[in-house]
1. It is to be established whether one or more residues within the stretch 36-43 are of a type outside the set (Gly, Ala, Ser), surrounded by fewer than 14 Cβ atoms within 10 Å (Cβ to Cβ) and part of a loop (DSSP other than H, G, I, E, B).
2. Go over the candidates Gly197, Gly147, Gly176 one by one and state the one that is closer than 22 Å to Phe85 by Cβ, at pLDDT below 95 and crowded, with 18+ Cβ neighbours inside 10 Å.
3. Condition first: assigned to a loop (DSSP other than H, G, I, E, B), of a type in the set (Gly, Ala, Ser) and in contact (Cβ under 8 Å) with a residue 60 or more places away in the chain. Now tell me which residues in the stretch 71-121 satisfy that.
4. Among the listed residues Arg193, Arg216, identify the single one that is in a strand (DSSP E or B) and among the basic types (Lys, Arg).
5. Could you please find all residues in the stretch 1-25 being assigned to a helix (DSSP H, G or I) and not charged (D, E, K, R)?
6. Kindly list, by first and then second residue, each pair from a residue in the stretch 133-157 that is part of a helix (DSSP H, G or I) to a residue that is modelled with pLDDT under 95, limited to pairs with Cβ atoms under 7 Å and residues at least 6 apart or on different chains.
7. Looking only at residues in the stretch 118-148 that are out of contact with any helix residue (DSSP H, G or I) (no Cβ under 6 Å at 6 or more places or on another chain) and polar (S, T, N, Q), which one is nearest to Arg192 (Cα to Cα)?
8. Which residue pairs have Cβ atoms under 8 Å apart, sit 6 or more places apart or on different chains, and have a first residue in the stretch 163-184 that is over 16 Å from Pro203 (Cα atoms) and a second that is in a helix (DSSP H, G or I) and charged (D, E, K, R)?
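The values are calculated or read from the model by the stated rules, or taken from the named source; none is laboratory data. What you see is a predicted model, and the numbers here were worked out from it, not measured in a lab. Counting neighbours? That spans all protein chains shown, and the Cβs are built from the backbone with ideal geometry, glycine included.
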Amino acid sequence: MTTDFEAVERVLTERRSCRGYLSEPVERETIEQVLAAAQHTASWCNTQPWQVHIVSGEARDALSKAAVDHVIATFGQPAPSDFPFPAAYNGVYDERRKEVGWQLYEAVGVQRGDREASAMQMLRNFEFFGAPHVAIITTDADLGVYGAIDCGLYVNSFMLAAQARGLGTCAQAAIGQVAPAVRELLALPDDRRVVCGISFGHPDPEHPSAQFMSTRAPITEAATFVD
C-alpha cells in the first residue's frame, strides 16, 4: 500500500517541464479538479492573491500570436515584465541554467552556435510549446513581492495536481516578458500584475524534449542543519 509520503514523493520526482504536447484539449472537468486542488495553496495571511486565466482555443492562439509579435517587435530591448528579471546568473546558478539549456537544445537537435535555431526554440515559449491551454497567473499590485511568492506556491500546487491527473505542465517566467500583450488581450485591470504562465495539456511522450530530465542538487547543497 502506498503511503501519503510515497505518493507525494513520486509526483514530485516524476514531474518535469513538458515542452511537447498532444493537440487534444483537456476536459473542463479535469481542469476544474486541478484548480480546486491548487486552491488549497497556503498564502501570506490567507490573502490568496492569485487569479488565474485559463486560455484555450481561439483565445490561446490569439495570445500566442500577440506574444510572438511582441517579442519580435521588441527584440533586444529590456523586457517590460511586471517583476524585475534576475540581474545576473552567477556561479552555480549560471552552471545549472546552462546545463538545462543545453540538455534541451541537444534533445531537440539545436547545435551549439546555431543562433537561428536557438532563436526559433526560444520563440516556442510564446507558442506555449504547442500546449492547448495556458494558465496566466496574476497577483494584486499592492501585495508586491509577497503576493508573487504566494503565486509561486500556487504554481507548484497547480503543476503537482496536474501531474497527479496525468497532465504535463511547464511554468513559464518568459510570459512575464510579454506582460503588455497579455494585459491587453485579457483586459486585465491596472491593479493586477502578471507573474507567469503555465502551459499545460496531455504530454507527448514521443517529443524529443521528453527524453531528458533536469538534475537536482543534493540536499547537502541546499539544506543546513543547525542544532
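1. First pass over the stretch 36-43, keeping only residues of a type outside the set (Gly, Ala, Ser): 39-41.
With surrounded by fewer than 14 Cβ atoms within 10 Å (Cβ to Cβ) added as a condition, the list becomes 40.
With the extra rule that they be part of a loop (DSSP other than H, G, I, E, B), the set shrinks to 40.
Checked the stretch 36-43: at least one residue is of a type outside the set (Gly, Ala, Ser), surrounded by fewer than 14 Cβ atoms within 10 Å (Cβ to Cβ) and part of a loop (DSSP other than H, G, I, E, B).
2. Working: Gly197 fails: at pLDDT below 95; Gly147 fails: at pLDDT below 95.
The match here is Gly176.
3. Of all residues in the stretch 71-121, those assigned to a loop (DSSP other than H, G, I, E, B) come to 74-90, 109-114.
Of the ones still in play, those that are also of a type in the set (Gly, Ala, Ser) are 76, 79, 81, 87-88, 109, 113.
Those that are assigned to a loop (DSSP other than H, G, I, E, B), of a type in the set (Gly, Ala, Ser) and in contact (Cβ under 8 Å) with a residue 60 or more places away in the chain: Ala79, Ser81, Gly109.
4. Numbers: Arg216 fails: in a strand (DSSP E or B).
One residue alone meets the criteria, Arg193.
5. Those that are assigned to a helix (DSSP H, G or I) and not charged (D, E, K, R): Phe5, Ala7, Val8, Val11, Leu12, Thr13.
6. Ala148/Phe83
7. Within the stretch 118-148, the match that is nearest to Arg192 (Cα to Cα) is Thr138.
8. Ala181/Asp69
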